[in-house]
1. Taking the options Asp572, Asp555, Asp520, Asp590, name whichever one is surrounded by 14 or more Cβ atoms within 10 Å (Cβ to Cβ), under 19 Å from Gly629 (Cβ atoms) and touching a Ser or Thr at 6+ places or on another chain (Cβ under 8 Å).
2. Please indicate, with yes or no, whether at least one residue in region 637-647 is open to solvent by 80 Å² or more (accessible area, probe 1.4 Å), hydroxyl-bearing (Ser, Thr, Tyr) and either free of Cβ contacts under 8 Å to residues at least 60 places away in the same chain or in contact with a strand residue (DSSP E or B) (Cβ under 8 Å, 6 or more places away or on another chain) (or both).
3. Filtering region 602-636 down to residues that are of a type in the set (Val, Ile, Thr) and open to solvent by less than 20 Å² (accessible area, probe 1.4 Å), which residue is farthest from Asp572 (Cα to Cα)?
4. Out of the residues in region 648-663 that are of a type outside the set (Gly, Ala, Ser) and open to solvent by less than 40 Å² (accessible area, probe 1.4 Å), state the one that is modelled with the lowest pLDDT.
5. Residues that are within 51 Å of the chain's Cα centre (by Cα), under 20 Å from Phe526 (Cα atoms) and at pLDDT 90 or above: find the helices (runs of 4 or more DSSP H) completely inside region 548-631 holding 1 or more of those.
6. Checking the conditions here, which among Glu440, Glu431, Glu507 is touching a Lys or Arg at 6+ places or on another chain (Cβ under 8 Å) and exposed (fewer than 15 other Cβ atoms within 10 Å of the Cβ)?
Amino acid sequence: MFSLSIKHRLLINFIVLSVLIGAYIAYEIGFVRYASEQFNTYRSVARASVALKSIEGELLLLESSNKEFMRSFDPALAHRFGHHYETLEHLIARLRGFGEVMHPYAHELSNFEVRLKNYKSDFESVAALIVRRNTIKTQQLEPTAREIERLLEELAQQVHLKHAVPALQNSQLFLRAQRSLFAFLWHNSEDSFVQLSWEFKALQEGLYKASKEESGQLKKLQRLETLLQDYTQNIEAIHALILERNTLITHKLQPMEQMLLEQLETLSDALIARQDALGPQMVAYNTLFLERSILFSAVVLLLFVGVSLAFMYDFLSKLSRFQNGLIAFFTFIHDRKKRPKPIGLESRDEIGAMAVLVDRNIEETARLILERDQISRLNQEILNAQSSLVLLTDGEIMVTANRSLLDFFGFESVEDFSRAHPCVCDYFEAEEGMAYIQREMEGLNWADYIVEHRHKTHNVKMLKRVFHIHVRRFHFEGIDKYVVVFDDISDEIVRQKELQEHVAQIEILNQELAQQAVLDPLTRIFNRRDIIEHFEKIFEVMKRQHAPISLLMLDIDWFKQVNDTHGHDKGDEVIRALADALKVACRESDIVGRFGGEEFLMIMSDTDQAEACSAAERLRSYIQTHAIGGLSITISCGVTTRTPIAHESATHFFDAMVNEADQNLYLAKHEGRNRVVGTQHNSTHT
């Protein structure tokens, strides 16, 4: 019967074992490739979901810019709209880069792009309407209004007929009010437009009566009527632009915004559903990877032992033959007559020697495994001693974590955590206005992003708590690993917010104190000291421009009788009401303040003596014909006008003007009160 030696039997077993192990490795490689494709699909779906969330956030910013632009008409907001639109196009292009993941949704994505372009086109149409409205307002409406106002002032001083004078006075009051009506007109106030048209019609009828009675001013009246017609046509043109703008917003922009958001939500829900469907498969693949890794390690160890035994047997066999040859040679030389007895290892001695070597290898392997387990337990104890949340991950899957992290999320072990959430980044929360770390940042994995931007401070929000996050990357067995440490800073942030609130309250109190220091406590207008400070600024500007400055000093007539008859509380009420009337009557560039008692000052820059006296007379007439604080009172006014000259100080100039205005006020009182007295360069005008 044919029999094989031990060497040949070991060789045959080694060959068979190698073939089996090769087949197993080929099968494992195929499994790894398939699982890798599934992992890549899952990762692409997750990244596509994040990209959709970014698109949704950018779309909301786009709509916010649109609404702010419709409220303020600021060109910078239109530029911001364009910036958000370009960002949206970049995000959509990036979303298309996911290839097969987004192939089922290519049609919906194309529809979204078309609607987004239509939305941009409609926005540009509305912006063009706003530009046309501003052009009409600045180039036609405002110049016409200024010329009408000039003609009305001239006619008000020259026309004295019974029908013309009331019409012109009403027109002046109307021209002051029409700017407010025009402001309301742009905000969709149809009633303001109807009242504006009715006021212009009444004004034109008054001018028609005035033209019949005042033939000497016929040309001016006709010119005024023509200007009013042009003014009415311009307002009607603006009204038509407003109606067209409102139609675009109501029927195009707003429905398109809703459609874009709904389509994004549909795409996001589809991707989330696909991600949820792939999630259990990823958990199963993760478990299979772990089990197959252990099995593969055992197979490789078995192959190593087999190879070691084969080489060891071959070496011992050759050594044994060499020893036998030497012994036989020397025995033959020294003792030719004696048959040499071959010396060699018997089969059982060879097997025993091999068994000893195998036992030693097994003991060494067991010792190394035991030491590795002890080191792992020691490292885990060190991690558990940390109060911070610490974990080891490859950026997606958690390898190990300390007890603080598991207790925070409510898990008993790392395996329980991985089954529920493969990555700790699943707990990352976003908050509007806060730059918290998310799963992907600027196209990078969250861990890589922190490593690449390690010079910055990074915070993350998990389970409504805020953590400062540290990441350190290292390379192990051909794979990037990350040690991540989370330090809870929620309480510190709360303290910072409380401190900021206290600082804000202190700033508000400081502003209130500053306002109380510059305003008169009774009338809430400038006090004497702040009048002088503002006058110094006006003085320097007017001196450079060589322009006149007018100063009005007003005083309530018979104010002592008001206090004696009605009491000081009523007197204070009259002073407050008069201050309110002065604030309404003055221009934006004028300064109004209480100079003391019942005396008030009004400083008018770039105003000559005639304009100042005219303004003072209109104010005096208004006070006389209206109840101030519930009482009928009159005022006297002293007016002075001067033009600053070089090398003249503001203090000296102000004192001189106050003295002249005070003298003119005294003259007004002396001549019977309820009148205006003005001077310019020591010339008196009443």
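1. Asp555 is the lone residue from the list that is surrounded by 14 or more Cβ atoms within 10 Å (Cβ to Cβ), under 19 Å from Gly629 (Cβ atoms) and touching a Ser or Thr at 6+ places or on another chain (Cβ under 8 Å).
2. no
3. Thr607
4. Here is the first cut: in region 648-663, the ones of a type outside the set (Gly, Ala, Ser) are 648, 651-655, 657-660, 662-663.
Restricting the remaining residues to those that are open to solvent by less than 40 Å² (accessible area, probe 1.4 Å) gives 648, 653-654, 657-658, 660.
On the way: Glu648: 84, Phe653: 94, Phe654: 94, Met657: 94, Val658: 94, Glu660: 94.
Checked region 648-663; the qualifying residue modelled with the lowest pLDDT is Glu648.
5. Hits in region 548-631: 568-585, 609-625.
6. Going through Glu440, Glu431, Glu507 in turn, the sole match is Glu431.
For (1) surrounded by 18 or more Cβ atoms within 10 Å (Cβ to Cβ); (2) touching a residue at least 60 places away in the same chain (Cβ under 8 Å); (3) not in a helix (DSSP H, G or I), each residue gets a yes or a no:
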| site | (1), (2), (3) |
| --- | --- |
| Ala447 | yes, no, no |
| Lys456 | no, no, yes |
| Arg472 | no, no, yes |
| Lys481 | no, yes, yes |
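The values are calculated or read from the model by the stated rules, or taken from the named source; none is laboratory data. A quick note: this is a predicted structure, and the numbers were derived from the prediction, not measured. Positions of Cβ are backbone-derived with ideal geometry, glycine not excepted, and every protein chain shown enters the neighbour counts. The protein model used for the area step is the full one, side chains on, heavy atoms only, and it has no ligands, DNA or RNA in it. Shrake-Rupley method; radii C 1.70, N 1.55, O 1.52, S 1.80 Å.
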